[in-house]
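Accompanying notes for the structure given below.
Read-outs throughout are calculated quantities, based only on the coordinates presented, and are distinct from any laboratory measurement. Here the structure is a predicted model, which means the values were calculated and not measured. Using ideal geometry, Cβ is built from the backbone for each residue, glycine included, and neighbour counts are taken over all protein chains shown.
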Amino acid sequence: MPVPDAPVTGVPSDLTGPTAPVPARPSRLDPAIAARLRRTADGLVAAVVRAHDSGEVLMVAWMDDEALHRTLTTGRATYWSRSRREYWVKGATSGHHQYVRSVALDCDGDALLVSVEQVGAACHTGHRTCFFTELPVTGTEREARP
């Protein structure tokens with residue numbers, strides 16, 4: 001199956017209707033996988049993306065059922081853009097590709113862990129990871145551990 005080189009358009013973008021525990025857009029995702037997903041009101045599941053080799057967290061994005069289907073069947077990380085309301089294949093325009101090595105569903109079904117081979121920066125700012133801003137932790141209390 002060919003991988004689009006640009007965002008896919010032409011999908012329904014009206015997400016303002018009643019919320020249902022089913023996908024908001026048509027999908028070819030395996031029904032057994034779809035049944036395990038717990039989606040937001042917009043039909044999305046958070047995708048935490050990490051580097052396959054180091055485990056470093058690179059970014060967080062959103063997938064609907066079809067984006068997950070495309071990711072699983074093409075090996076290219078595909079997400080749903082909430083702002084543009086369209087699918088995008090990571091790297092299609094930037095050249096900073098994500099080649100998927102594994103996808104895991106968390107115990108609650110509301111988050112995905114996507115392990116990728118990252119080519120170039122993962123963050124749209126040009127940084128390797130989107131998590132480059134450290135916040136100060138000032139608390140010093142520790143829980144007693146047995």
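Based on the mean of other beta carbon atoms within 10 Å per residue, what is the order of 46-52, 35-41, most packed first? Intermediate results must be reported in sequence, preceding the final value.
Working: 46-52: 18.7, 35-41: 14.7.
In descending order of packing, they fall as 46-52, 35-41.
Rounded to the nearest 5, what is the percent of antiparallel bridges among the DSSP beta bridges in segment 31-118? Mind dumping the intermediate values first?
Details: 18 of 24 bridges.
Once the DSSP bridges in segment 31-118 are tallied, antiparallel ones form about 75 percent.
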Query - Inter-centroid distance (Cα atoms) of segment 95-126 relative to segment 45-87, Å - result: 6
Query raised in the report: Going highest first, how would you order 55-61, 127-133 by mean Cβ packing within 10 Å?
Result: 55-61, 127-133
